[in-house]
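Enquirer: I am attaching a structure below and will ask some questions about it afterwards.
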Amino acid sequence: MDKRTLLAVILSVIVMTGGYLIQNKFNPPVPVVETEIDIPTEIVVEESVKSENVQNTVSDFVALEENIPARSIEVNTDKYKITFNTSGASISSLILKEYTDYSTEMNVEMVNSIDDSFPAFNVSFDENYNSIMTDNFHYSDKGYGVYEFYRDFQQKNSDGTLGESFRIIKTYTFLESEYVFKIDVSVINSPYRSYALSFGPDIGPTFKKLDNRNEFRKYYSFSEGKKTNHKLKGDSEIITNNVDWASINGKYFSLIVLPENRISSITFEKNSIASYEYSSEMHISNNITTNNTSDSFYVYVGPKSTDVMELYDSADKNAFALSESNFSGVIDSSTVPGLGWLSNILKYILIFINKLIPNYGIAIIILTLLIKVIFYPITHKSMESTGKMQALQPKLKTLQEQYKSDPQKLNAATAELYKKEGVNPLGGCLPMLIQMPIFFALYGLLNSYFGLRGAVFIPGWIDNLSMPESVYTLPFAIPFLGWTAVRILPFLYLGTQLAMSKITQAGQTGAQSNSQMKMLTLGMPIMFFFILYDMPSGLLVYWTATNLLSAVQQHIINKSKAKKS
């Protein structure tokens, strides 16, 4: 294999490990239509009384004297198990009943609250986001999935006196079979210029660390027909243009807030809580312009699944009658810009195969075989060209010794040798580069496609293609590597990669052993072994299948060459 091929392989490693940080920008705006909800929805409510909450942390207003107990109220729909907290009229728990957190084997908790100091959907004033309300609110179940909280307050003047009272009303609407709910915020007779509805400190499910492969946080907004990826330089960013929606995204789940008032400003903030390293917050600020300010927010909290998200693109497919919301814009179809279309094609082929044979592991293998068949002429030519180049190595080495002091004559003699032997020095490299887009598109697909989450390939062994498989959990983490389990697929990958290299060398008569070849045949597979050890098993199934098919193809080429000789 020539130096150009080596360079291509090394570049593939660099792009594969670093490319997941690159985002894909595309897709249209998000108009919304609202209709009245008049269909009764049966929802089970459970209540429990807790001890009185802590004192109000906001220093410039106080709650009117009322004896309102601290309570947590549990609400169940088909999709959610919600726990309201009368302290601040917030949500302390929002559990997705249809999805499992594989770290805890419990349902996914989307309010990763750490403790009770920062509940979700709290309210603050004048962009003082850290000074949230903790006073207890009155609570009322209005029926039809509507839950109302209100409390009266007074502003503290600079001289210590109290001003006129004002009221805050927060109303939540949860409907059966919906991954969208509605929050209405009303501020009556407020002395403040603005208020903010905030989510924090982080979305779920649980994770060990944000490594940007197995879990990450991305911050998107839709405005004027395009998605923007906010990098949060300095750990925060304020968006003042008219956004359609803003979102905090993990690998498989997303929080999207669609403010009905498009002039809302959005502030993304991360790493702002000392007790939690990975906090990810969103603050939606609205101006208070009248004595009775009221705003509505539609909130999607659920899977990054096209099938689910597209329900909110058609008014007749969801109970809130949202249309053209384009929530699926948060789904990254490719890790490399410009390859989203290719990842989508591969995804639809994978889905089609899975419908015929309902096992995504088998579907991945069949897709790999299909790609191999399509690219057989190219890879066949590449393997033949590589073999010819290796066979020429002794002659090339002779020329290098003969013309080592005259580079111009060496180049001319080398070109003449290539012409005489009918060898294209780029023949082994260019076919590989042509297939690179497929590799990167498929890598991104298998590493993030929601359909693979929880998909079983081989029961008892590969039970989840979106997670690393495991045959034994270690009682400790291996130093430096951080591995906590014994896995078979990485060793299968390594074995098949080395076997393929050995079969390739067997067909390269005249090739000499050198340090470059040793690195390619041994060093590169070992490096990939460490890179892929904790990657999703679906990706390892693809790569192992690719190695096996490549080995078979190379064996056929070797036999064909042996017959000709």
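The values are calculated or read from the model by the stated rules, or taken from the named source; none is laboratory data. Quantities reported herein were computed from a predicted structural model and do not represent experimental measurements. So basically every Cβ, Gly included, is an ideal-geometry build from the backbone, and we count neighbours across all protein chains shown.
Enquirer: Which ranges mark the strands (runs of 3 or more DSSP E) fully within the range 69-108 that have 1 or more residues being touching a Leu at 6+ places or on another chain (Cβ under 7 Å) and either among the polar types (S, T, N, Q) or under 19 Å from Phe253 (Cα atoms) (or both)? Don't jump to the end; show me each part of the working.
Expert: Numbers: elements: 71-76, 80-85, 90-101.
Per the criteria, 80-85.
Enquirer: Go through (1) under 16 Å from Val62 (Cβ atoms); (2) more than 36 Å from the chain's Cα centre (by Cα); (3) surrounded by 15 or more Cβ atoms within 10 Å (Cβ to Cβ) one by one and return the number of the condition Ser131 breaks.
Expert: Tallying (1) under 16 Å from Val62 (Cβ atoms); (2) more than 36 Å from the chain's Cα centre (by Cα); (3) surrounded by 15 or more Cβ atoms within 10 Å (Cβ to Cβ), Ser131 fails exactly one: (2).
Enquirer: Looking at the structure I just gave you, is Lys419 in a helix (DSSP H, G or I), free of Cβ contacts under 8 Å to residues at least 40 places away in the same chain, over 30 Å from Leu346 (Cα atoms) and of a type in the set (D, E, K, R)?
Expert: Values: in a helix (DSSP H, G or I): yes; free of Cβ contacts under 8 Å to residues at least 40 places away in the same chain: yes; over 30 Å from Leu346 (Cα atoms): yes; of a type in the set (D, E, K, R): yes.
In short, yes.
Enquirer: Output yes when any residue across the range 277-296 is under 27 Å from Asp152 (Cα atoms), without any contact (Cβ under 8 Å) to a residue 40 or more places away in the chain, assigned by TED's automatic domain parsing to the domain that holds Ser93 and not hydroxyl-bearing (Ser, Thr, Tyr), and no when none is. Explain how you work it out, then say what you get.
Expert: First, pick out the residues of the range 277-296 that are under 27 Å from Asp152 (Cα atoms): 281-296.
Right, trim to without any contact (Cβ under 8 Å) to a residue 40 or more places away in the chain and you get 289-290.
Going one step further and asking which of them are assigned by TED's automatic domain parsing to the domain that holds Ser93, we end up with 289-290.
When the remaining residues are screened for being not hydroxyl-bearing (Ser, Thr, Tyr), the result is none.
Within the range 277-296, not a single residue is under 27 Å from Asp152 (Cα atoms), without any contact (Cβ under 8 Å) to a residue 40 or more places away in the chain, assigned by TED's automatic domain parsing to the domain that holds Ser93 and not hydroxyl-bearing (Ser, Thr, Tyr).
Enquirer: Select from the range 204-228 the residues that are modelled with pLDDT of 85 or more, under 18 Å from Ser448 (Cβ atoms), in contact with a Ser or Thr (Cβ under 9 Å, 6 or more places away or on another chain) and not hydrophobic (A, V, I, L, M, F, W, C) and list them in ascending order.
Expert: Scanning the range 204-228 gives Pro205, Arg217, Lys218, Tyr219, Tyr220, Lys227.
Enquirer: Evaluate the range 116-138: report whether one residue or more is assigned to a strand (DSSP E or B), among the acidic types (Asp, Glu) and modelled with pLDDT of 85 or more. First the steps, then the outcome.
Expert: Start the filter on the range 116-138 by keeping residues that are assigned to a strand (DSSP E or B), which leaves 120, 122-125, 136, 138.
Okay, now just the ones that are also among the acidic types (Asp, Glu), so none.
No, because not a single residue in the range 116-138 is assigned to a strand (DSSP E or B), among the acidic types (Asp, Glu) and modelled with pLDDT of 85 or more.
Enquirer: I need the full set of residues from the range 89-120 which are among the β-branched types (Val, Ile, Thr) and either closer than 18 Å to Lys304 by Cα or surrounded by 19 or more Cβ atoms within 10 Å (Cβ to Cβ) (or both), in order please.
Expert: Ile91, Ile95, Thr100, Val108, Val111
Enquirer: Next question. Name the residue that is nearest to the chain's Cα centre (by Cα), counting only residues in the range 249-271 that are polar (S, T, N, Q) and assigned to a strand (DSSP E or B). Don't jump to the end; show me each part of the working.
Expert: Of the range 249-271, the ones polar (S, T, N, Q) are 249, 254, 261, 264-265, 267, 271.
Among the residues that remain, those that are also assigned to a strand (DSSP E or B) are: 249, 254, 265, 267.
Working: Asn249: 6, Ser254: 9, Ser265: 25, Thr267: 21 Å.
Result: Asn249.
Enquirer: Also, quick follow-up: Suppose we filter Ser254, Ser272 for residues that are in contact with a Ser or Thr (Cβ under 6 Å, 6 or more places away or on another chain), within 21 Å of Pro119 (Cα to Cα) and surrounded by fewer than 20 Cβ atoms within 10 Å (Cβ to Cβ); which single one remains?
Expert: Numbers: Ser254 fails: surrounded by fewer than 20 Cβ atoms within 10 Å (Cβ to Cβ).
Checking each option against the conditions leaves just Ser272.
Enquirer: Is it the case, given these coordinates, that Ser382 is under 22 Å from Ile503 (Cα atoms), crowded, with 21+ Cβ neighbours inside 10 Å and outside the structural domain of Ser247 (by TED's automatic domain parsing)?
Expert: Against the criterion (under 22 Å from Ile503 (Cα atoms), crowded, with 21+ Cβ neighbours inside 10 Å and outside the structural domain of Ser247 (by TED's automatic domain parsing)), Ser382 qualifies.
Enquirer: Okay, moving on. Any residue at all in the range 498-507 that is outside any loop (DSSP other than H, G, I, E, B), at pLDDT 90 or above and at negative phi?
Expert: Of the range 498-507, the ones outside any loop (DSSP other than H, G, I, E, B) are 498-506.
Those still in the list that are at pLDDT 90 or above too: none.
Checked against the condition, which is being outside any loop (DSSP other than H, G, I, E, B), at pLDDT 90 or above and at negative phi, the range 498-507 yields no hits at all.
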